[in-house]
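Okay, so here's the structure we're looking at.
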Amino acid sequence: MVTRQSELLRVLGSLAEEIPDPAWVALVDYNGLIVACVPPEPDVELERISAMTAAAVMMGERVLGEIDGGQLRFASIAGAKRQQLTMALSKDRLLSIGLGPEVPAQATFGPVSRWVPELMRALKMRFTRD
């Protein structure tokens, strides 16, 4: 039986297959809770991914507010060992992608633009039991 969770994982998995060597691809709500993640147990703890996704959004919104930059679309934080790309999908859903330091964040934009509409459809689906 197809469930919302299985459909979310399917779409996130398809997105992950098109991104160069992702450490994780996670759907996170604005409260900082993981909704779904591929792989289910990444090298970085899920709680840390969700907390840092929320922190990236808070920082991005603060900066954009100070410079009158408008609504947050994405935030990219890159370090010597890893980078995190956080994208605002809706008012209550975020996409967090973990990448290696050598992967350009722009390499994710094509796959994300292809799979996000399907991800949003999966979030809106109503599943019932027969």
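In contact (Cβ under 8 Å) with a residue 24 or more places away in the chain, more than 10 Å from the chain's Cα centre (by Cα), surrounded by 14 or more Cβ atoms within 10 Å (Cβ to Cβ) and outside any loop (DSSP other than H, G, I, E, B), is that true of residue 95? Step through it out loud before you land on a result.
Details: in contact (Cβ under 8 Å) with a residue 24 or more places away in the chain: yes; more than 10 Å from the chain's Cα centre (by Cα): no; surrounded by 14 or more Cβ atoms within 10 Å (Cβ to Cβ): yes; outside any loop (DSSP other than H, G, I, E, B): yes.
The answer is no for residue 95.
What number of residues within region 98-130 are surrounded by 15 or more Cβ atoms within 10 Å (Cβ to Cβ), within 19 Å of residue 9 (Cα to Cα) and among the hydrophobic types (A, V, I, L, M, F, W, C)?
7
Here's a check for you: in region 92-130, which residue that is more than 18 Å from residue 30 (Cα to Cα) and of a type in the set (Lys, Arg) is modelled with the highest pLDDT?
114
For the list (1) touching a residue at least 24 places away in the same chain (Cβ under 8 Å); (2) touching an Asp or Glu at 6+ places or on another chain (Cβ under 7 Å), I need the number of the one condition that residue 72 fails.
Failed condition: (1).
Residue by residue, here is whether (1) basic (Lys, Arg); (2) within 17 Å of residue 89 (Cα to Cα) holds:
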site	(1), (2)
11	no, yes
18	no, no
33	no, yes
43	no, no
48	yes, no
55	no, yes
63	no, no
74	no, yes
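Has region 63-71 got at least one residue that is farther than 26 Å from residue 124 by Cβ, acidic (Asp, Glu), part of a helix (DSSP H, G or I) and over 12 Å from the mean Cα position of the chain (by Cα)?
To start, the set of residues in region 63-71 that are farther than 26 Å from residue 124 by Cβ comprises 63-69.
Filter once more, so that each one left must be acidic (Asp, Glu): 66, 68.
Then keep just the ones that are part of a helix (DSSP H, G or I); that gives 66.
Checking which are over 12 Å from the mean Cα position of the chain (by Cα) leaves us with 66.
Yes: region 63-71 contains one or more residues that are farther than 26 Å from residue 124 by Cβ, acidic (Asp, Glu), part of a helix (DSSP H, G or I) and over 12 Å from the mean Cα position of the chain (by Cα).
So which pairs qualify, if the first residue must be in region 44-56 and in a loop (DSSP other than H, G, I, E, B), the second must be among the aromatic types (Phe, Trp, Tyr) and surrounded by 19 or more Cβ atoms within 10 Å (Cβ to Cβ), the Cβ gap must be under 8 Å, and the two must be at least 6 apart or on different chains?
What qualifies is 44/24.
The values are calculated or read from the model by the stated rules, or taken from the named source; none is laboratory data. Keep in mind that this is a model prediction, so the values were computed, not measured. Cβ: placed from backbone, ideal geometry, glycine included. Neighbour counts: every protein chain shown.
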